[in-house]
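Beneath this line is the structure, given in C-alpha cells, with notes to follow.
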Amino acid sequence: MAFRACVWDLDGTLFYTLPTIHHYCNASLRHFGFHEISLDECRDLCRLSIAHFYHRLLELGGCPADEIERLSPRIRDYDCESYLADFAYLTEPYEGIRETLAALQSKGIRNGVLTNKPDAIARSLVERFLGGLIDVCVGQTPDSISKPDPRSMDGVLNALSVSRGEVLYVGDTDVDMQTAKNTRVAAAAALWGYQPIEALAPYAPAFVVRAPAELIPLF
C-alpha cells in the first residue's frame with residue numbers, strides 16, 4: 001500500500017531544540033535550588049515522556065529521592081511556563097525540513113506530528129515555523145498517552161483519516177523506532193537527529209535517511 005501520510009517526531013527530527021531544552025531545564029533546576037545538567041544528559045532526556053522527563057531531570061539535578069514525586073509537577077509547570085514565554089529561543093527547523101514538507105504536500109501527502117513534547121509548546125513551534133505545512137500536531141499533556149505506547153498514534157491516524165499501512169513515521173530516537181513498531185507503522189530513522197544509527201538499527205526501520213529530502217522519493 002502506498003503511503004498517504006508522513007508523521008514526524010518533533011525534537012531532533014523537525015527542529016533542533018536541544019540548546020533550548022537545555023537552557024530551560026537548567027533555569028528550572030536553578031529555580032528549585034538544584035545543580036545544572038550537561039548537554040549530553042539533556043539529549044537523553046529528549047527521548048522521554050512527560051511522565052518520566054521531570055522525574056529524571058530532578059534526579060540528574062540532585063534532588064533528594066523522597067522529594068522527586070512532590071516536586072515533579074511543580075518543576076514541570078514552571079519549565080513549561082518559562083518555555084512558552086519564548087519557545088523559539090535557540091530553536092530552528094533543520095535544513096531542508098520546510099522544503100521537504102512542501103514537496104510532500106504538493107504530492108497530496110498529509111503531514112502530522114506526534115511528539116512527547118508538551119502539547120502547547122509543540123503546537124506553538126509548528127505554528128510559528130511550519131504553519132500551513134502540518135495538518136495535525138499531537139503533543140503530550142500530563143493525562144495523555146505517550147510514545148511508545150501502542151495507542152499513542154491513534155489520535156494522529158484519526159485526524160489524518162489514514163490507516164496504519166498508509167503512514168510513514170519519521171523519528172530520530174530509539175523511542176520513535178519503538179513507537180513505530182508498537183503502533184505497526186513503517187519507520188524512517190532520521191540520522192540528523194539526537195541519536196546515532198547504532199541506537200536505531202536494532203528496531204529494523206524500513207528506511208534510513210540522512211537528510212529530510214531523502215524522504216520525498218518514498219512517497
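Tell me which residues, restricted to region 148-178, are within 15 Å of the chain's Cα centre (by Cα), of a type in the set (S, T, N, Q) and over 13 Å from residue 113 (Cα atoms).
173, 178 - these are the residues of region 148-178 that are within 15 Å of the chain's Cα centre (by Cα), of a type in the set (S, T, N, Q) and over 13 Å from residue 113 (Cα atoms).
Out of region 163-191, which residues are open to solvent by 20 Å² or more (accessible area, probe 1.4 Å) and outside any helix (DSSP H, G or I)?
Within region 163-191, 163, 184, 186, 191 qualify.
Tell me which residues, restricted to region 1-23, are in contact (Cβ under 8 Å) with a residue 24 or more places away in the chain and open to solvent by 20 Å² or more (accessible area, probe 1.4 Å). Talk me through it step by step, then tell me what you get.
Let us first name the residues in region 1-23 that are in contact (Cβ under 8 Å) with a residue 24 or more places away in the chain, namely 1-21, 23.
The answer is 1, 2, 3, 4, 16, 19, 23.
Is it true that residue 110 is under 12 Å from the mean Cα position of the chain (by Cα) and open to solvent by 30 Å² or more (accessible area, probe 1.4 Å)?
Details: under 12 Å from the mean Cα position of the chain (by Cα): no; open to solvent by 30 Å² or more (accessible area, probe 1.4 Å): yes.
When the stated conditions are applied, residue 110 does not pass them.
Which ones in region 94-107 are within 18 Å of the chain's Cα centre (by Cα) and surrounded by fewer than 17 Cβ atoms within 10 Å (Cβ to Cβ)?
95, 96, 98
The values are calculated or read from the model by the stated rules, or taken from the named source; none is laboratory data. Keep in mind it's a predicted model, so treat the numbers as computed, not measured. No Cβ is skipped: glycine too gets one built from the backbone with ideal geometry, and neighbour counts run over all protein chains shown. Heads up: the accessible areas ignore ligands, DNA and RNA and are worked out on the full protein's heavy atoms, side chains in. Shrake-Rupley method; radii C 1.70, N 1.55, O 1.52, S 1.80 Å.
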